[in-house]
Amino acid sequence: MNSLHHLWMKTYLQLNRMVLDRAAALGLSPGQPKILEFLAAQGEHEQKAIAAYCEIEPATVGSILTRMEAAGLVVRRNRPGNRRSLYVSLTPRGQELAGALNGVFAEAEAQITAALTDEERQTLTRLLEKCLQKGKGSLE
């Protein structure tokens, strides 16, 4: 019998592989989909807020953003009166890809939860939210 952590890990890896394979077909590399998703939902933000939300090291976010900027997906700029922080926003191309990613995420979720009823999906969502909230920061 598989332990809960093993099932959780295998499910995550399977879902992540589906998303990354489909994102790669859109020309995106690992890390970029979750940044696009965050910026599409939250709008312009500082790099450190992106790193915190995406649970990526700030230095790693910086290098991912450099590649995204070169690809024309994001722009980074200072705000008047705050020269220390860079704010990141989506370009029209970034917005277009973020929209395509919504379909990728929905398709991957539908595929991985295909054996569940709507009620089971809702229960799973509630349970995962509860686990995530309780587990926040406990292993840091």
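Remarks
- Compared with the dominant principal axis of the Cα atoms in the chain, helix 32-42 is inclined by about 80°.
- Here LYS130 and ALA70 are evaluated by their C-beta separation; at R0 = 41 Å the FRET efficiency comes out at 0.55.
- Taking amide hydrogens as placed 1.01 Å from N in the peptide plane, the amide H of TYR87 sits under 5 Å from those of ARG77, ASN78, ARG79, each at least 5 positions away in sequence or on another chain.
- Take each peptide in 113-126, 52-65, count the other Cβ atoms within 10 Å of every residue, and average; sorted highest first, the result is 52-65, 113-126.
- Helical mean residue ellipticity (222 nm; -39500 (n - 2.57) per DSSP H run of 4+; nearest 500) of the chain: -22000 deg cm²/dmol
- About the Cα centre, charge dipole magnitude for the chain (Lys/Arg +1, Asp/Glu -1 at Cβ), debye: 540 debye
- Each of ARG79 and SER3 was given a label point 7 Å from its Cα along the Cα-to-Cβ line. The distance between the two points is 4.5 nm.
- A Förster radius of 30 Å combined with the Cβ-Cβ distance from GLU44 to LYS10 puts the calculated FRET efficiency at roughly 0.25.
- Under 17 Å from the Cα of LYS34 - aspartates and glutamates, other chains or at least 8 residues apart: ASP21, GLU44, GLU46, GLU55, GLU57, GLU69, GLU96, GLU107, GLU109
Rule-based calculations on the coordinates, nothing more; no lab input. Note that this is a predicted model, so its numbers are computed, not measured. Here the Cβ is made from the backbone with ideal geometry for all residues, glycine too, and neighbour counts use every protein chain on show.
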